[in-house]
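The values are calculated or read from the model by the stated rules, or taken from the named source; none is laboratory data. Keep in mind that what you see is a predicted model, and the values were worked out from it rather than measured. Ideal geometry is used to build each Cβ from the backbone, glycine not excepted, and the neighbour counts take in all protein chains shown. Protein only, heavy atoms only, side chains kept; ligands, DNA and RNA dropped before computing areas. Shrake-Rupley method; radii C 1.70, N 1.55, O 1.52, S 1.80 Å.
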Amino acid sequence: MADGGKEKKNCVEGYIHNVSAVMDSARRSKYFTAVVQEATTLSRLVVFPVEHHQMFVTAEKCRTPLKLDNVTFRPSRQKMGEHDIIAGVNLRVSSLRNIAYPFDVSQRAEDTETKTIGAILASPVEFQRVHVTLKVMEEWETGKSVTRAKKTLTRTMYAVADKSGSLCLTVWGEQKLSTGRWYVLRNLSVRMYQGKVALSTTPQTSIEEVPDAGHTVAALRDNVTVVEEILTANVVIEHFCPKRHVVVNVNAATIMTWCQDCGAFVKNAKMCTEVKGDISIVDDHGEQQSFHLGDQVLRTILDVQGVVNSSDLVGQLMQFDRLEVSWRGRRAIEIKGVRDQAVLGHGSKVQECTPAEEHGASGLLDEDDMETIGKLFQEDTEKQQKVQKKKNPKEPKKQ
């Protein structure tokens with residue numbers, strides 16, 4: 001095995017357990033996983049040459065030991081202090097007739113552990129796969145997001161808990177969880193989200209509702225709302241072709257744009273646009289805070305339709321005197337624009353502004369205003385009539 005976290009080409013011998021189906025990685029590479037039973041250890045194996053898949057399935061079924069040459073050892077992403085085996089394109093697989101230890105049926109059990117939320121929080125190994133029984137305490141937000149595999153899926157975030165702790169759970173896909181219900185979720189992935197431990201579903205996750213399992217700790221609550229002055233802002237516009245490739249140098253005045261990844265032109269009308277940004281705000285004491293703004297949040301406050309210059313969107317943000325920001329971690333989950341109206345002898349009064357008000361009329365006219373406008377309009381009309389008479393004197397009637 002490699003020392004100091006460095007990779008090293010090597011070979012490994014052992015029995016094969018838990019061969020998965022062929023899957024797609026975030027980079028759309030195909031692979032499958034398995035567990036290698038060595039003399040005293042179990043190691044997770046990731047195989048990218050999927051043409052060997054059937055051989056691994058047969059080896060597990062027939063309890064035939066295999067020798068794997070040209071594999072790489074890496075520190076495990078799921079179990080601290082252990083290593084994973086990565087089999088790349090140079091993998092050579094051969095069957096062994098004899099090996100010094102027997103096939104251990106007990107090792108066929110899943111290497112994914114069942115853990116409590118408290119245990120996960122105490123030892124948060126990122127990308128670790130776990131099974132968890134938990135209660136849904138609250139639904140935080142839902143919307144569309146792009147996965148690492150460049151797929152647009154529904155993403156719903158929940159506050160979940162058991163008797164040992166509470167954290168955030170992200171569920172990808174259309175399945176909805178009910179607040180107040182208990183569930184067993186298998187093959188969840190432990191993630192670090194904005195510096196905090198969280199759980200996320202994976203393509204292999206299964207969800208099953210179970211009977212009430214008892215008391216829980218209080219639900220995780222870290223939503224904070226402030227109304228503060230804008231210090232800095234930045235907004236980025238990204239364009240994507242129908243295959244979710246990033247397309248650059250999009251000109252709205254043209255009918256199409258070249259997509260480097262597709263190797264072809266794409267109709268501008270068929271592309272989708274996403275906006276994201278960052279803001280920093282400062283309070284009356286000079287304290288600064290920065291937040292990330294996602295596409296859905298920005299579209300609630302900005303008029304994005306037809307805008308191709310990101311500076312125009314930054315200008316829309318800067319038109320507000322203050323922002324009312326609700327955030328979780330460092331990510332804004334709701335944002336509203338407000339304006340400060342000076343009130344003599346009473347400091348300032350905050351008035352909320354909607355995007356429509358920001359780009360349209362600022363307020364209603366009272367009766368005095370209407371009367372003044374009417375007089376001005378009448379005077380202007382009379383002046384125009386006098387000028388018209390001077391330019392076009394009345395012609396004498398023909399005999």
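Quick look at the values:
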{"item": "With DNA, RNA and ligands ignored, accessible area of Val47 (1.4 Å probe; Å², nearest 10)", "result": "0 Å²"}
{"item": "Heavy-atom accessible area ranking, 1.4 Å probe, most first, across Trp258, Trp182, Trp172", "result": "Trp258, Trp172, Trp182"}
{"item": "Around Lys67: net Lys/Arg minus Asp/Glu count, Cβ-Cβ under 9 Å", "result": "-1"}
{"item": "Cβ crowding within 10 Å averaged over residues, with 87-93, 10-16 ranked highest first", "result": "10-16, 87-93"}
{"item": "Under the Karplus curve 6.51 cos²θ - 1.76 cosθ + 1.60, θ = phi - 60°, whole-Hz ³J(HN,Hα) for region 50-57, x wherever Gly or Pro sits", "result": "6, 5, 8, 4, 5, 5, 5, 4"}
{"item": "Proximal charge balance of Val50 [Cβ under 15 Å; K/R count +1, D/E count -1]", "result": "+1"}
{"item": "Over 30 Å between alpha carbons, listed pairs Lys176/Lys196; Lys196/Lys276; Lys163/Lys336; Lys151/Lys267; Lys176/Lys267", "result": "Lys163/Lys336; Lys176/Lys267"}
{"item": "Total formal charge among the other residues, if their Cβ is under 11 angstrom from that of Gly118, Lys/Arg +1 and Asp/Glu -1", "result": "+1"}
